[in-house]
1. Here are Ala159, Ala210, Ala224, Ala256: which of them is small (Gly, Ala, Ser) and at pLDDT below 95?
2. Only one of (1) of a type outside the set (Gly, Ala, Ser); (2) at pLDDT 95 or above; (3) closer than 27 Å to Leu342 by Cα fails for Cys387. Which number is that?
3. I'd like the residue in segment 88-127 that is surrounded by 15 or more Cβ atoms within 10 Å (Cβ to Cβ) and aromatic (Phe, Trp, Tyr) and, out of all such residues, is farthest from Leu16 (Cα to Cα).
4. For segment 182-222: of the residues being surrounded by fewer than 22 Cβ atoms within 10 Å (Cβ to Cβ) and β-branched (Val, Ile, Thr), which is nearest to Ala332 (Cα to Cα)?
5. Go through segment 87-99 and count every residue that is touching a Phe, Trp or Tyr at 6+ places or on another chain (Cβ under 9 Å) and part of a strand (DSSP E or B).
6. Please find, within segment 1-15, the residue that is modelled with the lowest pLDDT out of those that are surrounded by fewer than 24 Cβ atoms within 10 Å (Cβ to Cβ) and hydrophobic (A, V, I, L, M, F, W, C).
7. List pairs: first residue in segment 259-281 and closer than 14 Å to Arg242 by Cβ and assigned by TED's automatic domain parsing to the domain that holds Val397, second residue part of a strand (DSSP E or B) and of a type in the set (S, T, N, Q) anywhere in the structure, Cβ distance under 9 angstrom, at least six positions apart or on different chains.
Amino acid sequence: MSGLRVAVVGAGWAGLAAAEACVRAGAAVTLLEATAQPGGRARALAVPHSDGTALPLDNGQHILIGAYVDTLALMERVGVDLGTTLWPMPLALPFADGGGLDTPRWAAGWPAPLAALAAIATAGGWDGRDRAALVARLVRWRLGGFRAPAGATVSAVCAGLPPRVVDDLIEPLCVSALNLPAAQASGAVFLRVLRDAFTGRGHAGWAPSALLLPRTDLGALLPAPALRWLGERGASVRLGTRVTGVTRDSRGWTLALGSDTLHADRVVWATGAASAAKGLSTVAPAWAAQTGALPHTAIATVWAHHAGGLGRPMVALRGGPAQFAFDRGALAPQEPALRGVLAFVASAAEGERDTLQAGVLAQAQAQLGLAVTPLQTVVERRATFACTPGLVRPAPVVAPGLWAAGDYVDGPYPATLEGAVRSGRAAAAAALA
């Protein structure tokens with residue numbers, strides 16, 4: 001591939017994955033990012049503390065799982081030490097009241113299906129009927145290849161499960177993975193995620209269902225190491241450079257960069273859906289119209305402080321608006337400044353910022369007994385596409401020599417880090433072919 005010029009537009013996780021694959025194959029890569037910071041919708045964020053300092057946090061708290069094999073392998077290839085940057089936990093969705101799943105220590109090293117069975121057998125607040133019903137449904141899903149009709153919702157594929165199972169497992173998993181409640185989310189995509197988590201393969205010896213909580217900010221988790229790796233191998237990384245136009249020419253593609261231009265043989269467009277629809281509207285009007293019409297849902301993260309923290313890395317919450325709370329101080333005990341810093345995550349968030357924050361503070365008081373001090377509330381209005389039943393997502397091929405990459409592009413995964421990385425790698429493979 002020596003001499004092949006590839007332009008990657010967007011330095012989010014999909015763009016970084018595409019750029020890494022192209023550089024590794026020997027292409028001459030130019031990575032263009034409109035903002036001054038890489039990472040896209042999973043990026044580092046400086047959050048003001050009450051003492052006047054700025055805390056190195058994120059625009060939103062993310063969870064990886066052991067089944068995110070492409071993401072974890074990419075992190076390793078660009079020099080990330082997974083053992084020091086991720087906190088591994090067996091499958092666990094514990095609530096403060098003692099309910100929910102929490103894999104017992106004696107089963108933590110078991111293979112994923114057996115560990116899941118141990119978590120079900122010891123789930124707090126569940127009776128024998130709850131346990132038997134879930135095990136029977138998992139067996140049925142596995143025998144059926146974890147497939148569901150394209151038009152079925154998660155509620156439909158889970159119909160008949162006891163309310164306790166739905167409330168403690170199905171709803172939290174669904175809203176965290178698909179960013180929609182079970183009554184609105186795609187049952188087919190949900191079962192695909194369950195298939196990989198419970199019967200797939202994990203990375204680096206972790207079970208596929210293992211929860212991997214970042215010990216660092218998201219910038220240190222991938223974007224910063226990836227930019228360093230790309231620069232060391234001759235890629236041109238241009239932050240703060242916006243593509244204002246793209247046209248086909250006899251040699252491939254010409255990208256307008258304000259008063260400058262860039263020529264490339266192949267282009268991987270790895271921005272968010274809205275930016276892609278706008279930037280490619282003249283190149284592929286039908287593709288852009290479909291992409292621009294994708295529905296989206298929001299995620300809100302309320303950063304707060306409580307001197308005592310949670311006493312554990314993560315806890316599930318009931319009712320809403322938040323579904324989970326994370327103790328960043330517990331995850332990064334080597335960082336004294338993060339002691340007592342908490343992240344409350346409200347997926348499928350609705351309402352205004354102040355209303356969401358007030359609801360989360362009330363949740364913390366009622367369910368955790370904590371009077372927390374808010375630090376900053378971040379609302380990503382277009383955090384993910386709405387993964388509804390039967391949704392037709394844009395194809396990765398935009399035009400000859402131009403491919404789209406991003407978690408919204410057609411693929412088996414919902415809008416997750418793994419979905420973005422897989423899409424970036426697939427676009428790079430097509431560009432290199």
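1. Answer to the check: Ala210.
2. The single condition Cys387 does not satisfy is (3).
3. Within segment 88-127, the match that is farthest from Leu16 (Cα to Cα) is Trp126.
4. So, considering only residues that are surrounded by fewer than 22 Cβ atoms within 10 Å (Cβ to Cβ) and β-branched (Val, Ile, Thr), the one nearest to Ala332 (Cα to Cα) is Thr216.
5. Number satisfying all stated conditions: 2.
6. Among those residues, the one meeting the criterion is Met1.
7. Final answer for the pair search is Thr261/Thr254; Leu262/Thr30; Leu262/Thr254.
Conditions tested, residue by residue: (1) in contact with a His (Cβ under 9 Å, 6 or more places away or on another chain); (2) assigned to a loop (DSSP other than H, G, I, E, B); (3) surrounded by fewer than 21 Cβ atoms within 10 Å (Cβ to Cβ).
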residue: Arg312; (1), (2), (3): no, yes, yes
residue: Pro333; (1), (2), (3): no, yes, yes
residue: Ala362; (1), (2), (3): no, no, yes
residue: Pro374; (1), (2), (3): yes, no, yes
residue: Val379; (1), (2), (3): no, no, yes
residue: Arg393; (1), (2), (3): no, yes, yes
residue: Asp407; (1), (2), (3): no, yes, no
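The values are calculated or read from the model by the stated rules, or taken from the named source; none is laboratory data. Please read these numbers as outputs of a predicted model, since none were measured by experiment. Here Cβ is always computed from backbone atoms with ideal geometry, including for glycine, and neighbour counts include all displayed protein chains.
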